[in-house]
1. Report yes if Ala247 is assigned to a helix (DSSP H, G or I), open to solvent by 30 Å² or more (accessible area, probe 1.4 Å) and either in contact with a Leu (Cβ under 6 Å, 6 or more places away or on another chain) or closer than 23 Å to Lys159 by Cα (or both), otherwise no.
2. Listed residues Leu149, Leu206; which is outside any helix (DSSP H, G or I), surrounded by 15 or more Cβ atoms within 10 Å (Cβ to Cβ) and either over 25 Å from the mean Cα position of the chain (by Cα) or touching a residue at least 60 places away in the same chain (Cβ under 8 Å) (or both)?
3. Does segment 97-125 hold any residues that are modelled with pLDDT of 50 or more and open to solvent by 30 Å² or more (accessible area, probe 1.4 Å), and which are they?
4. Condition first: surrounded by fewer than 13 Cβ atoms within 10 Å (Cβ to Cβ) and in a strand (DSSP E or B). Can you find one or more residues in segment 214-236 that meet it?
5. Quick check: anything in segment 283-301 within 30 Å of Lys225 (Cα to Cα), without any contact (Cβ under 8 Å) to a residue 60 or more places away in the chain and either open to solvent by 70 Å² or more (accessible area, probe 1.4 Å) or in a helix (DSSP H, G or I) (or both)?
6. Read through the list (1) under 20 Å from Asp190 (Cα atoms); (2) exposed (fewer than 14 other Cβ atoms within 10 Å of the Cβ); (3) modelled with pLDDT of 90 or more, then give the number of the only condition that Gln90 fails.
Amino acid sequence: MALDTEKSKFSFPACWEDGGIMQIHFATFRPRHLNIEDYETKMKFWKDLITQYLKFWGQITFSLRDLQLKLMRGDQLPACLDTVLSEMYQQNQIRPRTDHDPENSWTGWLINSLVKRPLSWSWLKLKHSVVGEDVEATKLVEWIHLEVLNDICGLMIKKILPENRGKLFHFDAFKSLCDVHHIRIHTEKDIFACLITLHARHLVGLEFKTEKQARSIHLIKIPFKETDDLSINELDLGVHRLQITQADLLKQLQNLEEEIKANDEKARQYIKENKRQMAKTYLRKRHLVEKNHERRSLALYNIELLLSSVEEAQNSGVVRDAYKIGSSTLQKILSNSGLKYDNVDEVLADVQETLEQHREVHDVLSNGVVDTASTQEDEQLENELRALCGETNSVSNAAVINNNERLEVVISDQEMIEMLANLEVEDASVSLPSTRTVKLLQEY
């Protein structure tokens, strides 16, 4: 019933409800050469379905029997999954869980899986086909789906590691972190596989313990920075013990506060029942609990102060390292570019001298050249304007430049006489000699 409820949450493909199609998919594979297209279509269907199903539940480790039960359709088991897993193994999409050993490096596993393992796989299949194999034992062999493994590891790298740098966790505490960040992981074996992978990628440090001949992860160290040592040393253990003590004290304080409230309630109850001696007893007990609470609070404050000092020291070390890196980088840049005080001062002096020379040349050119071309052009424009206005373009009316470089207007005698004749004056305002002068000028 629980299995049916679990399967109902996962969205199977639309063809899952088609009995005819699913009967073909659930049947064993026919030889590939008989119908290559149907073989590839069926193989792709099961590979995609297995991957989507395992991703949905956050399940990294699985077995053939486990898949057959979870992918049942009614009472029908898929009979073709052994062939699917065989091809997924050959294509390096899955690998046996036994190969995921903490003592083997990631590179060593790649060499084994890509070079040696496929040959041994083929040989084992041939061997079992001759002498017979234990079918049930084969169905219980556990596998690791590499794509699902990489996806969950990616979520841990994105959500958990950045927020907890420089911290040490027990395995159960790390499991709780996954729940807090809504990273769905099916079992502890799946968390184990992820942590082994992160350790192989030098992203976390691990400490193992052996209980009942079974090796498990005891502590997980998330380094403060990528270059930190991943081994768990005495300093890490000391900080970890302080953190554990801090958590225990917080829990104790919560319990003491609840006990204080309970004593208050009982004291009130006995007062209502007029049992004052019993009420006093619980008040005395309340006072004892309050003193205990005060001592625990002081201890918690001291531990938090120590942890704050440790964190501040780590941050100061990071800042110091940043200063060192920045200073070294700046020195290299200045050295490579040749930027020194003497060089820069010399270059600036050259620039200043060049600017002064340019300014002197500009002043000489602007004062020593007469712009005769612009004067001639202006004279031509004046003549054109007079022509447009119908005026005579005589030399006598033109503005000329004398030796003193002042403009003079030259008027002929005839023009002067005409201008005087056109003047209007009042009677007797002009004397007789003036009249004679005008007449003489006219005769002339």
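1. Yes; evaluated as a whole, the condition is true for this residue.
2. None of the other options fit; the residue is Leu206.
3. If the condition is that a residue be modelled with pLDDT of 50 or more and open to solvent by 30 Å² or more (accessible area, probe 1.4 Å), then Arg97, Thr98, Asp101 are the ones that fit.
4. Taking every residue of segment 214-236 in turn, at least one turns out to be surrounded by fewer than 13 Cβ atoms within 10 Å (Cβ to Cβ) and in a strand (DSSP E or B).
5. yes
6. (1)
Table: residues versus (1) closer than 24 Å to Thr187 by Cβ; (2) in a helix (DSSP H, G or I); (3) open to solvent by less than 20 Å² (accessible area, probe 1.4 Å); (4) in contact with a strand residue (DSSP E or B) (Cβ under 6 Å, 6 or more places away or on another chain).
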| residue | (1), (2), (3), (4) |
| --- | --- |
| Phe29 | no, no, no, no |
| Glu37 | no, yes, no, no |
| Lys47 | yes, yes, no, no |
| Gln52 | yes, yes, no, no |
| Arg95 | yes, no, yes, yes |
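The values are calculated or read from the model by the stated rules, or taken from the named source; none is laboratory data. These numbers were taken from a predicted model, which means no experiment stands behind them. Positions of Cβ are backbone-derived with ideal geometry, glycine not excepted, and every protein chain shown enters the neighbour counts. Accessible surface is based on the protein model in full, side chains and every heavy atom, while ligands, DNA and RNA are left aside. Shrake-Rupley method; radii C 1.70, N 1.55, O 1.52, S 1.80 Å.
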